[in-house]
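> I have a structure here, written as structure tokens, and I will follow up with some questions on it.
The values are calculated or read from the model by the stated rules, or taken from the named source; none is laboratory data. The model shown is predicted, which means the values in this text are computed figures rather than measured ones. All Cβ positions, even for glycine, are placed from backbone atoms using ideal geometry, and neighbour counts span all protein chains on display. Remember, those area values only see protein heavy atoms, side chains included, never the ligands or the DNA or RNA. Shrake-Rupley method; radii C 1.70, N 1.55, O 1.52, S 1.80 Å.
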Amino acid sequence: MRRLLLVRPEPGASATASKARAMGIEAAAMPLFEVRPVAWHAPDPTAFDMLLLTSANALRHGGPELGRLRLLPVAAVGEATAAAARELGFRVELVGHAGVAALMQTLLPSLRLLHLAGHERSEIADAVHRIDVVNVYEATSIDPPNDLRVLAAGAVVALHSPRAASRLAALTEKHGIDRSTIALVAFSPAVAVAAGDGWERIAVAERPSDSALLALAAELCL
């Protein structure tokens, strides 16, 4: 059995690792980023039709200003984000199951959307809606464990974002780690591209979801 490394920030890394272990996979959380709140002020909610949430981190780190936006209906990228919104009293109107692009296609045209996001994010390609972005959190790099070379050798690494893919690639170069011994499972094609080449294998989940990513990881690990 090959070890699965989860490099996404906490609490996501441990949550995904727990799901993997329940599937019989030897999994370890090794976050490469730490998510922190940033100061922000909620805009006038009457200027918008809907709140767009593409990460539960916006809800975990949004703080008291979120209360000013609670009357706006929510479009959430996935069930985990939707659940976090409901816990804070938001009304979730739409839940995506195949990534941000697919979610945007389900929204009525000409909606005015308020996107609560992180400082580092992928731009949403959309010419149909007006999207105003407010940064409510940031993900800062943290040092990998001292035994990174040992942990990574022969492992399968799950990558949830292009930024994580780029960081892992940079770390392998910095620490002289042989990429050809490491297999990657990527959340999306964009994540796979960001990882670069030289890996043993890069496999892309059939849809951008944790369940699809773990199903793919199981094929490589078990």
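> I need the GluC sites (Glu not before Pro) found in region 190-222, filtered to DSSP loop residues with at most 11 other beta carbons within 10 Å of theirs.
Numbers: sites: GLU200, GLU206, GLU219; in loops: GLU200, GLU206.
Taking region 190-222 and a limit of 11 other Cβ atoms within 10 Å, the loop GluC sites (Glu not before Pro) found are GLU206.
> When the Karplus curve 6.51 cos²θ - 1.76 cosθ + 1.60 is applied with θ = phi - 60°, which whole-Hz ³J(HN,Hα) does each residue of region 76-87 get, with x for Gly and Pro?
Working through the residues one at a time gives 10, 5, x, 5, 5, 5, 4, 5, 5, 5, 5, 4 Hz.
> At R0 = 22 Å, how high is the FRET efficiency between SER166 and HIS41 if r is their beta carbon distance? Nearest 0.05 is fine.
With a Förster radius of 22 Å, E is 0.10.
> Rounded to a whole number, what is D in µm²/s for region 88-222 from Stokes-Einstein with the Kirkwood radius over alpha-carbon pairs (20 °C, 1.002 mPa s)?
Roughly 127 µm²/s, to the nearest whole number.
> Whole-Hz ³J(HN,Hα) for each residue in region 41-58, computed from phi via Karplus 6.51 cos²θ - 1.76 cosθ + 1.60 with θ = phi - 60°, x for glycine and proline: what do you get?
Whole-Hz 3J(HN,Hα) from phi for region 41-58: 10, 5, x, 5, x, 5, 7, 10, 9, 7, 9, 9, 10, 10, 7, 5, 4, 4.
> What are the equivalent ellipsoid semi-axes of region 52-101, built from the alpha-carbon gyration tensor (square roots of five times its eigenvalues), in whole angstrom, biggest first?
The three semi-axes for region 52-101 are 17, 11, 9 Å.
> Between 0 and 90 degrees, rounded to the nearest ten: what's the tilt of helix 162-174 against the longest Cα principal axis of the chain?
30
> Now, a different point. For region 44-149, I need the span (max minus min coordinate) of the C-alpha atoms along each principal axis, in Å, sorted largest to smallest.
For region 44-149, the Cα spread along each principal axis is 50, 29, 22 Å.
> Something else: Can you give the accessible area of PHE33 in Å² (nearest 10), computed on protein heavy atoms with a 1.4 Å probe?
10
> So for ARG2, ARG21, what's the accessible-area order with a 1.4 Å probe, most first?
Result, largest first: ARG21, ARG2.
> Calculate what fraction, in whole %, of the accessible area of the chain sits on carbon and sulfur atoms when a 1.4 Å probe is rolled over the protein chains.
About 54 percent, which is the carbon plus sulfur part of the accessible surface.
> Continuing with this model, one more query. So what J values fall out for region 120-125 if you push phi through Karplus, 6.51 cos²θ - 1.76 cosθ + 1.60 with θ = phi - 60°, rounded to Hz, Gly and Pro as x?
9, 7, 7, 5, 8, 7
> Considering amide H positions built from the backbone, and no H for Pro or chain starts, which residues 5 or more places from GLY78, or on another chain, come under 5 Å of its amide H?
Here GLY96 satisfy the definition.
> Now a separate question. Which three semi-axes in whole Å describe the equivalent ellipsoid of region 155-213, each the square root of 5 times a Cα gyration tensor eigenvalue, listed largest first?
Three semi-axes, in Å: 19, 11, 9.
> Under a 5 Å amide H to amide H cut-off, with H placed in plane at 1.01 Å, what residues pair with VAL204 once short-range neighbours are removed?
ALA186
> Related question: Can you find, among ALA83, SER141, HIS115, the residue farthest towards the positive end of the dipole of the chain? Put +1 on the C-beta of Lys and Arg, -1 on that of Asp and Glu.
ALA83
> Using only helices, what value at 222 nm comes out for the chain when you add -39,500 (n - 2.57) per DSSP H run of length 4 or more and divide by the total residues, to the nearest 500 deg cm²/dmol?
Using -39500 (n - 2.57) per qualifying helix, the result is -8500 deg cm²/dmol.
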